[in-house]
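Written out below as structure tokens is the structure these notes cover.
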Amino acid sequence: MTEDNIMDETLKSIRHSASHVLAQAVLELHPDTKLAIGPAIEDGFYYDFDLGGKTFSTEDLTALEKKMKHIIKQNQTFTQSEMDIDEAIKELKRKKQPYKVELAEALKKRGETKVGFNTMSLGKDEKFTDLCAGGHITSTKEIGAVKLLKVAGAYWRGDEKNKMLQRIYGTAFINEADLQQHLEQLKLAEERDHRKLGQELDLFTFSELVGAGLPMFTPRGTIIRNEIEKYLSDLQIIRGYQKVWSPHVAKNDLYKTSGHWDKFAENNFIVRGEDPDAEVFVIKPMNCPHHTQIYASRQRSYRDLPLRYFEISTIYRNEKVGQLHGLTRVRAITQDDAHIFCRPDQIEAEANLIYDIIEEFYGTFGMELTPRLSLSDPQQPSKYLGDRQLWESAENSLRDVLKKRVKHFEEQEGEAAFYGPKIDFEVKDAIGRTWQLATIQFDFNQPQRFRLEYIDEKGKKVQPVMVHRAVAGAIERFMGIMIEHYGGAFPLWLAPVQVMIVSVSDQFNDRVYELANELSLAGIRVEVDDSKETVGNKIRKAEGQKIPYMLVFGEKEASGKKLTVRRRGSRDMEEVDKKKFITQVEKEIASRK
């Protein structure tokens, strides 16, 4: 285990333990509270509570945080124990904790005979016991710094049919310095929140009539989407990828064959006709089974391979309302998807080709990549589908790819999918957050399930290797991350409005619109502000919309060949020859810098 992994596990234990400290604090201040669940999450923890109709206020959070710090200072110890599950259920009922009872009863239905408890103690004085599977620090003093962040609503077990509980979010670190650094990052993230910027910059919207998790993109937001999709297409077509298209619905038989029916049964949107005996269709939850059928539509030879299909297509999954979040968790997911069908001896070359695309794409956005190799567990070969020799060959090929491209990378045994090994990429944004976005995954499962074949050089029918590849991943999620990465100040090629012409007076409007038309014909996205406001207000509005270039147009500009240009973020004006400005902007757009 690497030092980073050890630190991650330590923080996870600290935060899990901090959630128990929070629960103890809540019960001390609000004794009748019903406890639900309180896991560690990325960058912190939360705990769900039922206050019996009351709500936590800002003052409550302050009081709870103070109580938590008092508990931490007491240096209470954590002790893990087990209890017979029937006895545990009786004890939880005695304590009048119905949510804990429900959790224990669910474990009993799964066949569990015992259940874990965590006890916090001060000397011989037992302070608080909570249903828990374990994973704690030794004592509260190891929680160096803690902060409660906010309260939100959360349905019990994520189901909108259940009662709405109150979720308190917090975070904890080994020391105060790390906590303060994290809080500063949270402040930056709040300022860059894509939901806020999306509204301010008029990029996307949601409607209750359309439905939760189903974003609609305005003209400006659609320009950004189109530019990203075009760039992805350009990167792939020049490398031999072929664009395909598949319908948005399919018979459920397709997904039963692929295995996705069972995996995504609860998330599928089902389409049925009036006839109860009619075929059952599913709104497409993923593209890969469709692509197998394009491959299977004719006999393939080893000379035909590799075949590289890509599709930028919207799929649909019925995510729970409580899990939806702006663009980063939606129900309409536009996948930047590709599937490669190749021979085993082509695995390394195809992985390198995909890596080239991923590296160039994220380099353009100024995002740092960190790859991770996910391998099978050699001690449990029965967990994985496919020939062991093919697995080892594929894993070695991916390892060789990484060795030639990066100095250091992690290998994680047991993290491969059951159908094949993979390289996952973490992407770091402008404020230091990491996101899991791109991936290269080998699949020995779907070729077998769909009986895909090609004729090898000896005339024998052989199963191809299928490679799943994502660069941006979900376009919606990538856009949410990208909006925050740039803070809404997009590079010129992505900016919905690239140039704003500010008219000094109505008498110049005819010339202003002539200039706008000239810029538009050159492929530059341009708007005109000919409102009655002052020039200063117009410039401030354009700055607020984060428009890259502003042109102030008055008598001097109307009578000459030079333009008065102001760049985003600069207070200075500069005079630039009109033709030179147009050429400069065209080059900047084409370079995607």
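The values are calculated or read from the model by the stated rules, or taken from the named source; none is laboratory data. Quick caveat: nothing in here was measured; it's all calculated off a predicted structure. No Cβ is skipped: glycine too gets one built from the backbone with ideal geometry, and neighbour counts run over all protein chains shown.
Worth a mention:
For (1) more than 30 Å from Ile270 (Cβ to Cβ); (2) touching a residue at least 60 places away in the same chain (Cβ under 8 Å); (3) over 18 Å from the mean Cα position of the chain (by Cα), each residue gets a yes or a no:
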position: His194; (1), (2), (3): yes, yes, no
position: Gln199; (1), (2), (3): yes, no, yes
position: Leu203; (1), (2), (3): yes, yes, yes
position: Val210; (1), (2), (3): no, no, yes
position: Gly213; (1), (2), (3): no, yes, no
position: Pro219; (1), (2), (3): yes, yes, yes
position: Ile223; (1), (2), (3): yes, yes, yes
position: Ile228; (1), (2), (3): yes, yes, no
position: His248; (1), (2), (3): no, yes, yes
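- Among all residues of region 36-54, there is none that is in a loop (DSSP other than H, G, I, E, B) and in contact with a Gly (Cβ under 7 Å, 6 or more places away or on another chain).
- Which listed residue, of Ile481, Ile524, is closer than 25 Å to Thr222 by Cα, surrounded by 19 or more Cβ atoms within 10 Å (Cβ to Cβ) and outside the structural domain of Gly213 (by TED's automatic domain parsing): Ile524
- Just one residue in the set Val497, Val504, Val471 is surrounded by fewer than 23 Cβ atoms within 10 Å (Cβ to Cβ) and either under 17 Å from the mean Cα position of the chain (by Cα) or modelled with pLDDT under 95 (or both); that residue is Val504.
- Qualifying residue in region 82-104 (condition: hydrophobic (A, V, I, L, M, F, W, C), in contact (Cβ under 8 Å) with a residue 40 or more places away in the chain and assigned to a helix (DSSP H, G or I)): yes
- Among the residues of region 55-65, those that are in a helix (DSSP H, G or I) and either hydrophobic (A, V, I, L, M, F, W, C) or loosely packed, with under 13 Cβ neighbours inside 10 Å (or both) comprise Thr58, Glu59, Leu61, Thr62, Ala63, Leu64.
- The condition of being more than 18 Å from Ser13 (Cα to Cα) and surrounded by 20 or more Cβ atoms within 10 Å (Cβ to Cβ) holds for only one of Val146, Val115, that being Val115.
- Any hit, region 178-199, residues being over 30 Å from Leu11 (Cα atoms), among the small types (Gly, Ala, Ser), touching a helix residue (DSSP H, G or I) at 6+ places or on another chain (Cβ under 7 Å) and outside any helix (DSSP H, G or I): no
- Qualifying residue in region 234-246 (condition: surrounded by 13 or more Cβ atoms within 10 Å (Cβ to Cβ), within 28 Å of the chain's Cα centre (by Cα) and more than 30 Å from Asp456 (Cβ to Cβ)): yes
- When the test is whether a residue is assigned to a helix (DSSP H, G or I) and either at pLDDT 95 or above or in the same structural domain as His260 (by TED's automatic domain parsing) (or both), Asp345 passes it.
- Looking only at residues in region 247-268 that are among the polar types (S, T, N, Q) and part of a helix (DSSP H, G or I), the one that is surrounded by the fewest Cβ atoms within 10 Å (Cβ to Cβ) is Asn267.
- Residue list for region 548-572, filter: farther than 19 Å from Trp493 by Cβ, touching a strand residue (DSSP E or B) at 6+ places or on another chain (Cβ under 9 Å) and either surrounded by 13 or more Cβ atoms within 10 Å (Cβ to Cβ) or not assigned by TED's automatic domain parsing to the domain that holds Asp510 (or both): Val552, Phe553, Gly554, Lys556, Glu557, Lys562, Leu563, Thr564, Arg566
- Within region 393-408, considering residues that are among the hydrophobic types (A, V, I, L, M, F, W, C) and buried (at least 16 other Cβ atoms within 10 Å of the Cβ), the one nearest to Phe341 (Cα to Cα): Ala394
- Helices (runs of 4 or more DSSP H) contained in region 523-593 and holding at least 2 residues on the phi < 0 side of the Ramachandran plot and either among the aromatic types (Phe, Trp, Tyr) or in contact with a helix residue (DSSP H, G or I) (Cβ under 8 Å, 6 or more places away or on another chain) (or both): 555-559, 578-591
- Here Arg303 does not fit the description of being in contact (Cβ under 8 Å) with a residue 60 or more places away in the chain and farther than 30 Å from Asp48 by Cβ.
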